[in-house]
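The structure is given below, and queries will be raised subsequently.
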Amino acid sequence: MIEGISIQVILTFTTVLFFIGLYGFLTRTHLIGILISLELMLNSEAINFVAVNKYLHPQFLQGAVFSLFILALAAAETALALAIILQVYRRTGSVDVKEVKELKY
Amino acid sequence: MNWENLFALMRNEILLVIAVLALILVDLFTPKAKKKFVIHTANVLFFLFMLWSFVPLPEGTLFGGSFVSKPLIGFFKAVMNVGVMLIMLQAVEWVRKELIPQGFASEFYVLLWSSLLGLDYLISSGDFLMFYLGLELSALPVAALAAFEFYRKRSAEAAVKYVLLAAMSSAIMLFGISLIYATSGSIYFDDILHVNQMPLLELVGFVMMVSGVAFKISLVPFHFWTADVYEGAPTVVSNYLSVISKGAAVFILMTLLFVPLRRYEGTWTLMLWILAVLTMFVGNFFALRQQNMKRFLAFSSVAQAGFILLGVIGGNAMAVKTVIYFLLIYIFSNVAAFGVVHVIAMHSGKENIDDYTGLYRTNPRLSLLLMLALFSLAGIPPVAGFFGKFFLYATAAHKGYYWLVFIAVVNVTISLYYYLLPVRAAFLRRSENPIPYFRSDIYSKLGFAVLAAGLIVIGLYSPLYEYIAQLSQIFQ
């Protein structure tokens with residue numbers, strides 16, 4: 001718990017962070033940029049879990065453990081997504097979303 | 001920790017991990033010229049594992065409630081194993097022709113089984129941590145599998161779409177879970193069940209969480225990835241995504257809605273009502289205008305997800321038994337339809353509905369199986385699909401959702417049109433250059449025989465339905 005900062009401030013901060021990530025995910029045209037936005041969303045949730053655990057339900061460590069797992073899985077997801085983006089780069093010569101357009105209605 | 005208990009309840013998962021490790025070792029010690037041996041080993045290993053999974057699992061929990069085992073969960077795991085076995089039988093020829101020349105043999109099976117392991121953990125999860133881990137473990141290997149045809153641009157495109165959108169949906173779902181944790185104070189389903197207040201923050205979290213699961217089932221506002229990924233990915237992988245992954249997601253959606261989030265019943269019945277109507281209409285109308293068979297089956301699977309919701313909306317033991325029964329039939333019919341598309345695409349490279357013209361004259365048995373599978377998906381009486389759909393309607397009507405049943409019947413009529421298009425092309429039309437005759441390998445022949453028998457027998461053999469009904473009494 002941090003002196004002088006209430007849970008509302010932290011939850012507002014994480015919500016803003018989450019929606020910045022969501023906005024970035026939807027508007028970026030660079031695949032790496034999308035990946036960074038994704039990371040932003042996942043990290044906002046990790047902060048959310050830790051803050052909720054510390055401020056509201058300090059009797060168990062459920063939230064803290066959950067945030068550890070989020071960090072590990074975010075790393076795994078990024079590694080796999082980077083490998084696949086590399087594959088896209090080899091096939092199309094670009095990492096722009098607008099070049100990934102072969103499959104559509 | 002009671003070790004005997006651990007091995008008894010987690011038997012399925014532990015055996016699967018052992019199978020994965022054993023296959024990696026077999027691949028390691030097989031010389032490069034004899035990689036075919038790895039395929040046979042994988043099939044035999046999985047067949048033994050599948051047989052073992054039919055031995056009923058005891059009831060109980062592990063890790064303080066994180067891992068739940070019930071007879072119904074054990075039965076559904078066995079059903080998923082049967083589905084994966086049938087998909088693997090179709091994949092043998094593809095692995096031999098496409099992957100072994102590239103130097104891969106065991107990778108396909110290891111990734112497929114890892115994803116199945118994730119689904120096993122997902123459906124027996126008892127808290128949100130296990131739920132999240134299972135969901136991710138099932139999604140990530142599939143993204144790698146979708147990119148497996150390295151030389152094709154479409155494969156990479158499907159994989160990048162799947163991995164990014166799956167990650168985004170799981171991020172939204174996680175935010176919802178964190179809100180539920182904030183309001184209810186626990187991530188365990190049992191603790192959340194006993195919370196009585198309904199704050200608005202938790203409602204927001206609940207909706208965000210359901211949207212993550214809805215992505216997996218490809219319900220309508222979250223369905224945009226479905227057609228692209230199914231078309232671009234190797235057909236075997238699309239097959240896996242459309243039946244096994246979707247079935248497990250429906251199962252866990254039922255567990256979540258019926259047990260920990262029961263107090264939101266008024267909200268989620270309205271939500272499911274709207275989602276079901278949207279999903280059926282959008283899936284059917286987009287399927288009408290497809291030319292590519294894989295895309296066509298993708299939209300048909302979106303529409304089928306809408307029909308499944310018709311059963312889920314019931315919210316009682318009857319809903320559970322009809323949905324599980326429908327999923328069992330759906331696994332058989334969709335695996336058969338995708339299997340026919342897969343062997344035809346592999347032998348002739350043709351994927352469009354027009355290419356199927358005159359198929360009956362050159363490949364009569366394949367076109368018969370295609371007909372059976374599409375009739376089952378459409379719900380035409382002698383085939384199993386009719387009984388599955390009928391029970392779903394009965395569940396919704398039992399709860400008084402007559403309008404929903406009416407809309408579903410309208411949708412079945414629409415779907416009948418496009419399901420009959422490939423059948424008409426195959427049986428009634430003559431073609432100048434039909435797909436030439438080819439012999440399937442022994443493995444896919446075996447798989448097709450089982451599928452054809454299953455499509456007829458499951459609908460007529462009523463003890464199976466009664467067995468499922470007896471197992472689903474636990475959900476009240």
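Taken together, the values in this text are just the output of simple stated rules run on the coordinates, not laboratory data. Just so you know, these numbers come straight off a predicted model, no measurement behind them. Reconstructed Cβ throughout: ideal geometry from the backbone, glycine too, with neighbour counts over all protein chains shown.
What is the mean number of Cβ atoms from other protein chains located within 10 Å of the Cβ atom of each residue in peptide B:187-200, rounded to a whole number?
Values: counts 7, 2, 0, 0, 1, 0, 0, 0, 0, 0, 0, 0, 0, 0.
Mean inter-chain Cβ contacts per residue within 10 Å come to 1.
If I model a spin label at B:Phe37 and B:Phe150 as a point 7 Å from the Cα along the Cα→Cβ vector, what separation in nanometres do I get?
Result for the modelled spin labels: 2.4 nm.
Hey, another quick one. In peptide A:75-87, what is the residue-averaged number of other protein chain Cβ atoms found within 10 Å of each Cβ?
Working: counts 0, 3, 10, 2, 1, 9, 8, 1, 5, 14, 5, 1, 8.
For this peptide, the per-residue mean of nearby foreign Cβ atoms is 5.
Here's a follow-up. In nm, to one decimal, how far is the modelled label at B:Phe47 from the one at A:Lys104, with both set 7 Å along Cα→Cβ?
4.7 nm
Determine by what factor the alpha-carbon radius of gyration of chain B differs from 2.2 N^0.38 Å, reporting the quotient. Numbers along the way, then the final one.
Values: Rg = 21.5 Å, N = 476, 2.2 N^0.38 = 22.9 Å.
Its radius of gyration relative to the 2.2 N^0.38 Å reference: 0.94.
Rank by packing, highest mean first: peptides B:91-101, B:179-189, A:68-78, with packing defined as the count of other Cβ atoms within 10 Å averaged across residues. Could the numbers behind the result be given before it?
Working: B:91-101: 18.7, B:179-189: 22.3, A:68-78: 16.5.
Averaged packing, sorted descending, gives the order B:179-189, B:91-101, A:68-78.
Related question: By what distance, in whole Å, do the Cα atoms of segment B:165-314 stretch along each of the three principal axes, largest value first?
For segment B:165-314, the Cα extents along the three principal axes come out at 51, 27, 21 Å.
To the nearest Å, what is the center-to-center distance of segment B:460-474 and segment B:152-175, using C-alpha atoms only?
So the two Cα centres are separated by 37 Å.
Using a cut-off of 16 Å between alpha-carbon atoms, which aspartates and glutamates can reach A:Lys101, once sequence neighbours fewer than 8 places away in the same chain are excluded?
B:Glu157, B:Asp228, B:Glu231
In peptide B:179-185, what is the residue-averaged number of other protein chain Cβ atoms found within 10 Å of each Cβ?
Working: counts 5, 0, 9, 11, 2, 1, 8.
For peptide B:179-185, the averaged partner shielding equals 5.
Under a Cβ-only charge scheme (Lys and Arg +1, Asp and Glu -1), can you give me the dipole magnitude of the protein assembly as shown about the Cα centre, in debye to the nearest 20?
Values: 38 positive and 31 negative charges, 366 e Å.
Approximately 1760 debye in magnitude.
Report the full-extension gain for the segment B:Ala22 to B:Leu6: residue separation times 0.36 nm, less the Cα-Cα distance, to one decimal in nm. List each step's numbers first, then the result.
Working: separation 16, 0.36 × 16 = 5.76 nm, distance 2.09 nm.
Result for the pair: 3.7 nm of gain on full extension.
To the nearest 0.05, how large is the calculated FRET efficiency for B:Phe63 and B:Thr413 if R₀ is 51 Å and r is the Cβ-Cβ distance? Please list the in-between numbers first.
Numbers: r = 49 Å, r/R0 = 0.96.
With R0 = 51 Å, the Cβ-Cβ based efficiency is 0.55.
If you put +1 on each Lys and Arg Cβ and -1 on each Asp and Glu Cβ, how big is the dipole of chain B around its Cα centre, in Debye rounded to 20? Show your work: numbers first, answer last.
Values: 31 positive and 24 negative charges, 279 e Å.
For chain B, the charge dipole is close to 1340 debye.
Give the shape of segment B:37-184 as rounded, prolate or oblate, defined through the alpha-carbon gyration tensor: a ≥ b ≥ c are the square roots of its eigenvalues, a/c under 1.5 means rounded, and otherwise the shape is prolate if a/b is larger than b/c and oblate if not.
On the way: a/c = 3.30, a/b = 1.27, b/c = 2.60.
Cα axes put segment B:37-184 in the oblate bin.
Give the value in nm², to one decimal: projected area of the alpha carbon convex hull of segment A:7-99, averaged over all directions. Each step should come with its number before you reach the end.
Details: hull surface 23.7 nm².
Here the figure is 5.9 nm², rounded to one decimal.
I would also like to ask the following. Per 0.36 nm of contour for each residue apart, how much would the distance between A:Leu86 and A:Gln8 grow if the chain were fully extended, relative to their Cα-Cα spacing? Display every interim value, and only then the final one.
Details: separation 78, 0.36 × 78 = 28.08 nm, distance 4.08 nm.
Taking A:Leu86 through A:Gln8 to full extension adds about 24.0 nm, to one decimal.
Separate question: Any chance you could check the Cα centroid distance between segment B:239-264 and segment B:99-130 for me, in angstrom?
With segment B:239-264 and segment B:99-130 each reduced to a Cα centre, they are spaced 18 Å.
Kirkwood-based Rg over Rh for segment A:1-54 (C-alpha set), two decimals? Intermediate results must be reported in sequence, preceding the final value.
Working: Rg = 12.8 Å, Rh = 11.7 Å.
Rounded to two decimals, Rg/Rh equals 1.10.
A follow-up question, please. For the pair A:Leu26/B:Arg289, report the inter-label distance in nm, with labels modelled 7 Å from Cα in the Cβ direction.
According to this spin-label approximation, the distance is 2.4 nm.
Hey, what's the Kirkwood Rh for the protein assembly as shown if you take every pair of different alpha carbons, in angstrom?
Values: mean 1/r = 0.0411 Å⁻¹.
When all Cα pairs of the protein assembly as shown are included, the Kirkwood radius is 24.3 Å.
Additional query: Find the all-direction average of the projected area of the Cα convex hull for segment B:341-476, expressing the result in square nanometres with one decimal place.
Details: hull surface 40.7 nm².
Convex hull of Cα atoms, orientation-averaged projection: 10.2 nm².
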